[in-house]
Amino acid sequence: MAAAPGAPVVELDLAELRRDPYPAYAELRRTAPLAWVPSVGRHLLTRYEDIVHAEKLSEVFSSREEGSLLLRTVGPNLLREDDPEHRRLRAAAEPPTRPRQVRDLWAGTFERNAHELLDRIAGRGEGDLIGDFAEPLAAANLAVVLGLRNTGADDISDWSRAMMAANGNYADDPDIWLRAEQATRAIEDAVAEMAEAARREPDGSVISSMVHAADPVELTEIQNNIKVIIGGGVNEPRDVFGVGAQALLRRPDVLDRVVADPGLWKRVFEETARWISPIGMYPRQLTQDYEIAGVALPAGSRVALVIASGNRDESVFERADEFDIDRPHRPHLAFGGGPHFCMGAWVARHEVSALAWPLVFSRLKGLRLVEGAKASDSGSAAGRMEGWVFRGLTSLNVTWQA
């Protein structure tokens with residue numbers, strides 16, 4: 001693949017993008033809102049309105065991308081399908097993740113999982129809220145929703161980490177591919193066992209829902225789509241939790257307001273997801289010639305919808321680089337849009353804003369960042385925040401009253 005005729009070519013360093021992509025995104029929005037980036041091998045679309053426009057035109061901006069890293073990692077899946085095939089798979093998998101099901105089926109278990117993790121660390125007086133709490137909580141909750149009763153949270157976390165690294169492996173690191181292959185084989189075995197159990201005894205889980213779907217779903221389709229869900233289902237809630245917790249610890253006045261008015265936790269969630277989007281971009285491929293952002297793209301062109309950039313678009317979000325729970329409401333792009341709106345958004349919203357944050361800040365008294373762990377206003381902290389395809393804190397070291 002090469003640049004479309006007339007598309008500006010912009011050289012971006014992948015290491016710099018992993019460190020902090022936002023300065024590069026701001027420059028692209030200002031000077032080249034659609035640009036060919038050789039290191040990524042695709043055109044980056046960076047303005048909010050253009051991204052929204054493209055997401056609504058799935059018949060033009062197709063999810064069926066040739067050479068997709070996600071396809072290489074997990075095989076054919078609903079994220080890399082267009083309707084009607086996408087609709088068939090989503091209809092089979094989605095019911096257990098809807099708001100009512102989250103509340104009625106999973107909320108009690110989510111709360112127990114959170115309390116159990118906090119019980120383990122409360123007496124220490126210090127720890128890493130990512131490794132000790134957020135990641136194991138997201139993994140344990142995901143195992144329940146998926147129906148992987150034969151799998152521990154540690155396995156879910158390891159598998160997710162391996163696959164997400166492969167999904168962003170634009171440097172083609174062979175060790176990353178090897179770890180991903182090992183993870184996907186283990187997932188296939190675990191899913192096959194639980195699919196057979198769900199066939200005999202339905203349990204309301206995603207695997208059970210797919211096994212008993214009105215429009216039949218093959219075992220390999222169940223396996224591949226569970227792989228996809230494990231990838232995003234750990235990193236999105238984990239990263240939103242970590243970024244939001246850090247932001248509040250750096251703004252005690254805002255934290256005091258939120259603790260006094262629990263209804264504000266929802267605002268914290270949406271602003272965190274906008275400010276540091278856990279998933280930074282989605283790949284698309286054009287099915288026909290199309291002009292966008294002033295550039296005529298030929299059919300077959302590969303485009304990245306850079307939602308992390310769209311969520312910092314100054315024409316939509318005033319003072320976009322700031323974390324501000326009081327900003328006027330505008331829909332953010334963190335969970336995508338159109339037919340591919342994130343299936344797990346309601347699960348993440350509940351486990352983070354209704355449970356994880358309120359419980360952590362109520363149970364861990366005097367919670368504060370470890371000296372030297374504070375981030376700059378951009379949200380970057382050396383050695384702690386990284387990524388551009390997927391972005392979040394690698395650790396969040398804190399202390400509290402044991």
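A few notes on this one:
- About its Cα centre, the dipole of region 284-340 is roughly 280 debye, where the only charges are +1 on Lys and Arg Cβ and -1 on Asp and Glu Cβ.
- Computed lengthening from Thr394 to Arg112, 0.36 nm per intervening residue step minus Cα-Cα distance: 99.0 nm
- Rg/Rh (Cα only; Kirkwood hydrodynamic radius) as it applies to the chain: 0.95
- For Leu297, the residues 5 or more places off, or on other chains, whose built amide H falls under 5 Å of its own are Tyr290, Glu291, Ile292.
- Per-residue Karplus couplings for region 105-112, computed as 6.51 cos²θ - 1.76 cosθ + 1.60 with θ equal to phi - 60°, are listed in order as 9, 10, 4, x, 5, 4, 5, 4 Hz, Gly and Pro entered as x.
- Full extension of the chain between Arg251 and Arg185 gives 19.4 nm of extra length, using 0.36 nm per residue less the Cα-Cα distance.
- Candidate cross-link partners of Lys365 among the aspartates and glutamates, defined by an alpha-carbon separation under 18 Å and a same-chain spacing of 8 or more, comprise Glu116, Asp119, Glu126, Asp128, Asp132, Asp253, Asp256, Asp261.
- Between Glu218 and Glu27, full extension at 0.36 nm per residue minus the direct alpha carbon distance yields a gain of 64.2 nm.
- Per-residue ellipticity at 222 nm, computed for the chain from helices alone with -39500 (n - 2.57) per DSSP H run of at least four residues, works out to -14000 deg cm²/dmol.
- Stokes-Einstein diffusion coefficient of region 113-162, Kirkwood radius over Cα pairs, 4 °C, 1.567 mPa s, in µm²/s: 114
- Amide H contacts under 5 Å for Gly127: Val398, restricted to partners 5 or more places along the chain or on a different chain, H placed in the peptide plane at 1.01 Å from N.
- Dipole magnitude for region 228-347: computed about the Cα centre from +1 point charges on Lys and Arg Cβ and -1 point charges on Asp and Glu Cβ, it is near 280 debye.
- Within the chain: Cβ-based charge dipole about Cα centre, in debye rounded to nearest 20 (Lys, Arg +1; Asp, Glu -1): 740
- Protein-only accessible surface order, largest first, of Thr272, Thr394 at 1.4 Å: Thr394, Thr272
- Computed from backbone phi with θ = phi - 60° and the Karplus coefficients 6.51, -1.76 and 1.60, the 3J(HN,Hα) list for region 326-333 is 9, 5, x, 5, 9, x, 8, 10 Hz; x is used for glycine and proline.
- Scoring 304-314, 205-215 by mean Cβ neighbours within 10 Å over their residues and listing the highest first yields 304-314, 205-215.
- Per the Kirkwood formula applied to alpha carbons, region 217-338 shows a radius of gyration over Rh ratio, Rg over Rh, of 1.07.
- Heavy-atom SASA rank of Thr97, Thr399 (probe 1.4 Å, accessible area, largest first): Thr399, Thr97
- Ordered from largest to smallest accessible area (heavy atoms of protein chains, 1.4 Å probe), the residues Lys56, Lys365, Lys227 come out as Lys56, Lys365, Lys227.
- Taking all protein chains as shown and a probe of 1.4 angstrom, Arg47 keeps an accessible surface of around 90 Å².
- Protection proxy ranking of 293-303, 32-42, by the mean of other Cβ atoms within 10 Å over each peptide's residues and highest first, is 32-42, 293-303.
- Listed values for region 209-217 are Karplus-derived 3J(HN,Hα) couplings in whole Hz (6.51 cos²θ - 1.76 cosθ + 1.60, θ = phi - 60°), namely 4, 6, 4, 9, 4, 4, 9, x, 10, and x replaces Gly and Pro.
- Residue-level accessible surface for Trp400, protein heavy atoms, 1.4 Å, Å²: 20
The values are calculated or read from the model by the stated rules, or taken from the named source; none is laboratory data. As the structure is a computational prediction, the values presented were derived from the model and not from experiment. Note that we place each Cβ from the backbone using ideal geometry, even for glycine, and neighbour counts take in every protein chain shown. Side chains are part of the model used for accessible areas, which takes the heavy atoms of the whole protein and leaves out ligands, DNA and RNA. Shrake-Rupley method; radii C 1.70, N 1.55, O 1.52, S 1.80 Å.
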